[in-house]
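Just below is one structure, and these are the notes that go with it.
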Amino acid sequence: MFPPVQPETIQFAATRGEALEQLAAFVPFAGRYGRDRNKVVPGHRNVSRLSPAIRHGLIDPAECEAAVLARYAPSTVEKFVQELHWRQYWKGWLSLRPGVWDDYRTSLEAIRNDPDAPQLRERAVRCERGESPVAIMNHFARELTSTGYLHNHARMWFAGWWIHVERLPWQLGADFFFRNLLDADPASNTLSWRWVAGLQTPGKTYLPRKANIEKHVDPEILAEHTGGLELLARPQAFPPEHPMRPEISHPEIAADPVDSAAPLGIWIHDEDLRPEHGPLATLNPATIIIAGHHDERERRALPAPRQAWLRAALDDVASRAGAHFRTPVQHDRNSSLPEALRQWAAANKLKQVVALRPEVGPLADRLPALRQSLRATGARLRLLSRPGDLALRPLATGGFFGFWKKIQSAAK
């Protein structure tokens, strides 16, 4: 068994203050991002490593974009700015087509429970543990589980190898990433795996090639992990049988009005950890609760790096929210989410619970149960969207570069 990658070798901002500092430290190197971003090097110094902070809302993509554009011409940092918008594009695309997420979850459960597929599941577990014939993929698997992170190029190679070389279901691979990544995002993760598999853009798959890996992986890493690379010399695509482009089924998001005269509390969850900026910022709550899907994380036994990062980020938002709203903050770390919200709303005699809207994903799946639990106390759940999300969502009707052109046109 190979030793895991040491987590302390890679640092990821887990507070808003750390994220702003990390962004400032990255800006002087952002001009080289387009040239160096595909190189997988120790410590990942060629990329910002801000994806966990961006994904959970500690820092906004617009802040990152403004920081680099304050120093460089748009053409110099276009690739970095595009990467910021890729995450927003995936989020909008899936929000318009939530059935894609439902299909993924349903097919994942079917694979997990298929009585005829125990050997397939066992082989997937061995690949997750880094016990495959390809040493560099073993290294990536151990890095992911040890640190909660993988370079984007490594993610693509790993997914392509999992699907097209090992011939394992993409759903199991997507679930492996979703459990471990600090920046685990239902949209970016699910749709990226679909893209590699040939489902997202029919006819297009992504293959991990030996020559490409040798070109972009630092010799310091590759020297110890060359075993099995010959298996990637001429990989063959394993395309899906019936790739179909899903239709838009949820074109609009209904507004959730807040009654300023009725007692309200703010619910902060780990989908968005910046309540002091945006539509919540001007509210006058009687109380605040910080509660995520703790019971879901316990059920899925999320790994230590992800649990530790989330704890630090939630502690940080508790401090910032208390200072901004000048009101008591309750941080529930143990109860099931419906029970935590129910008890809190009842104890504070709330008529409204206001939160930033969780988009498609596990937390959004729980909204009907949460509404029902709160309704029993006489409280209504009111969900607010960030204006930037609402503005970008309608632009994600087609491919990314059409989305990108619409953004550029709107900025002129």
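In the range 88-102, the qualifying residues are those that are in contact (Cβ under 8 Å) with a residue 12 or more places away in the chain and among the charged types (D, E, K, R), and the one that is nearest to residue 243 (Cα to Cα) is 97. Here the range 87-123 is the region considered, the condition is being of a type in the set (D, E, K, R) and not in a helix (DSSP H, G or I), and the residue that is modelled with the lowest pLDDT is 116. Exactly one residue out of 151, 225, 164 is in contact with a His (Cβ under 6 Å, 6 or more places away or on another chain) and crowded, with 20+ Cβ neighbours inside 10 Å: that is 151. Scanning the range 348-377 for residues that are of a type outside the set (Gly, Ala, Ser) and in a helix (DSSP H, G or I) yields 362, 363, 365, 367, 368, 370, 371, 372, 374, 375. Among the numbered conditions (1) part of a loop (DSSP other than H, G, I, E, B); (2) in contact (Cβ under 8 Å) with a residue 24 or more places away in the chain; (3) surrounded by 14 or more Cβ atoms within 10 Å (Cβ to Cβ), the only one that residue 200 does not meet is (2). Please tell me if residue 340 is part of a helix (DSSP H, G or I) and buried (at least 20 other Cβ atoms within 10 Å of the Cβ). For residue 340, the condition - part of a helix (DSSP H, G or I) and buried (at least 20 other Cβ atoms within 10 Å of the Cβ) - is met.
If you go through the range 164-197 and keep only what is of a type outside the set (A, V, I, L, M, F, W, C) and free of Cβ contacts under 8 Å to residues at least 24 places away in the same chain, you end up with just 189.
Taking the criterion of being more than 14 Å from the chain's Cα centre (by Cα) and buried (at least 17 other Cβ atoms within 10 Å of the Cβ), the residues of the range 77-92 that qualify are 77, 80, 81. For the range 234-248, filtered to residues that are closer than 16 Å to residue 104 by Cα and touching a helix residue (DSSP H, G or I) at 6+ places or on another chain (Cβ under 7 Å), the residue that is surrounded by the fewest Cβ atoms within 10 Å (Cβ to Cβ) is 240. With crowded, with 16+ Cβ neighbours inside 10 Å and outside any loop (DSSP other than H, G, I, E, B) as the only criterion, which of 283, 302, 231, 273 stands out? Of 283, 302, 231, 273, the one residue that is crowded, with 16+ Cβ neighbours inside 10 Å and outside any loop (DSSP other than H, G, I, E, B) is 231. Restricting the range 317-335 to residues that are outside any helix (DSSP H, G or I) and among the polar types (S, T, N, Q), the residue that is farthest from the chain's Cα centre (by Cα) is 327. Residues that are aliphatic (A, V, I, L, M) and more than 14 Å from residue 291 (Cβ to Cβ) within the range 351-378 comprise 360, 364, 376, listed in sequence order. On inspection, residue 345 passes the criterion of being more than 21 Å from residue 88 (Cα to Cα), at pLDDT 95 or above and in contact with a Leu (Cβ under 7 Å, 6 or more places away or on another chain). Would you confirm whether or not the range 66-76 contains a residue that is in a helix (DSSP H, G or I), free of Cβ contacts under 8 Å to residues at least 40 places away in the same chain and not polar (S, T, N, Q)? So far as the range 66-76 goes, yes, one or more of its residues are in a helix (DSSP H, G or I), free of Cβ contacts under 8 Å to residues at least 40 places away in the same chain and not polar (S, T, N, Q). Conditions first: (1) farther than 24 Å from residue 306 by Cα; (2) in a loop (DSSP other than H, G, I, E, B). Residue 48 passes all but one, so which condition is the exception? So residue 48 meets the others, but not (1). Checked against (1) surrounded by fewer than 17 Cβ atoms within 10 Å (Cβ to Cβ); (2) aromatic (Phe, Trp, Tyr); (3) farther than 28 Å from residue 212 by Cα, residue 29 passes all but a single condition, namely (3).
The values are calculated or read from the model by the stated rules, or taken from the named source; none is laboratory data. Since the structure is predicted, the reported quantities are computational estimates derived from the model, not experimental observations. With ideal geometry, Cβ positions are generated from the backbone for all residues, glycine too; neighbour counts draw on all protein chains shown.
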